[in-house]
Amino acid sequence: MFDDLNDLYQELILDHSKSPRNFRVMANATATAQGTNPLCGDNYRVFALMDGDVVKDLSFQGSGCAISKASASILTDSLKGKTRADVKALFDKVQDLVMTGKSSENLGKLAVLGGVHKFPARVKCAILPWHAVLAAVEGKGETVSTESVGPSPEESLAEKAHEKI
Ligand code: ZN
C-alpha cells in the first residue's frame, strides 16, 4: 500500500511537473497573486477568474522545482468550481496532509501530495502555490512568501494594474 502510494506520488509529480495543467497567463483574470519560496527559488504568479464567490478558472505561470510546479498544476485542476470557503478549507487540510502525510478525510487526487511529508525540506515547495491561490481568491492581491518577505515595489505596481474587477 505504502509502496503503491510512493509510486503514484512520484509518477504524478513527474507527470504534472513535465506537463503542468493550466500553465498560462490568464488575460481575463479578476484576481492574481505572486508566491515565492526564496529557500528553493520557486516563484509563481497565479491567476483566478472569480464569479462572485466561485472560482471559475485558475491558472499559473512561473518557475520552480518539480514539486512546486506539480503542486500548482494539481491544485489549479482541483479548485475550479469551488467557493472561497472551499478553497480555505482545502488549504488547511492540504497543509496538514503535506506536513503529516495524513488526512482526516478523503481528498481524492490531492491525497498524493501527502507523499511530500517524507521530504520536510520540500513541504514549503508543495504549499507555496496554495498560499498564492488563497491570496488571489481572497482578493488580497499581494505577494506571499513562505519566508514572510514583503512585496517588492514592482510587484505592488503589477498588482495595481490588475485591480480592475
Ligand atoms: Zn521548490
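Each value in this text was obtained by applying a stated rule to the coordinates, not by laboratory testing. Please read these numbers as outputs of a predicted model, since none were measured by experiment. For neighbour counting, all protein chains shown are included, and Cβ atoms are generated from backbone atoms with ideal geometry for every residue, glycine included.
Computed extension gain for residue 19 through residue 63, at 0.36 nm per residue and net of the alpha carbon distance, reaches 14.6 nm. Put in order of Cβ neighbour count within 10 Å, fewest first, the listed residues 122, 24 become 24, 122. Among 15, 57, 7, the ranking by other beta carbons within 10 Å of each residue's beta carbon, starting with the fewest, stands as 7, 15, 57.
A simple packing score, the average count of other Cβ atoms within 10 Å per residue, orders the peptides 84-91, 60-67, 31-38 as 31-38, 60-67, 84-91, with the highest score first. For the range 87-129, the direction-averaged projected area of the alpha-carbon convex hull comes to 2.7 nm². Taking 79, 58, 107 in turn, the Gaussian network model of the chain (Cα-Cα springs below 10 Å) assigns the largest fluctuation to 107.
Using a Förster radius of 35 Å, what is the FRET efficiency between residue 138 and residue 6 based on their Cβ-Cβ separation? Nearest 0.05, please.
Working: r = 34 Å, r/R0 = 0.97.
FRET efficiency, residue 138 to residue 6: 0.55.
Considering the chain at the alpha-carbon level, its Rg and Dmax are found to be 15.0, 49 Å. Near residue 114, once Lys and Arg are set to +1 and Asp and Glu to -1 for all other residues with Cβ below 10 Å from its Cβ, the sum equals +1.
Rounded to the nearest 500, what is the 222 nm mean residue ellipticity of the chain from helices alone, with -39500 (n - 2.57) per DSSP H run of 4+ residues and division by all residues?
Working: 5 runs with 72 residues, N = 165.
Here the helix-only value at 222 nm equals -14000 deg cm²/dmol.
If you take the beta carbon distance between residue 51 and residue 99 as r and set R0 to 45 Å, what does 1/(1 + (r/R0)^6) give as a FRET efficiency, to the nearest 0.05? Efficiency computed from Cβ-Cβ geometry: 0.90. Normalised by the number of residues in the chain, the average gap of Cα pairs under 8 Å and 6 or more apart makes the relative contact order 28 percent. Note on residue 80 and residue 28: the model spin-label points, each 7 Å out from Cα along the C-beta direction, lie 1.3 nm apart.
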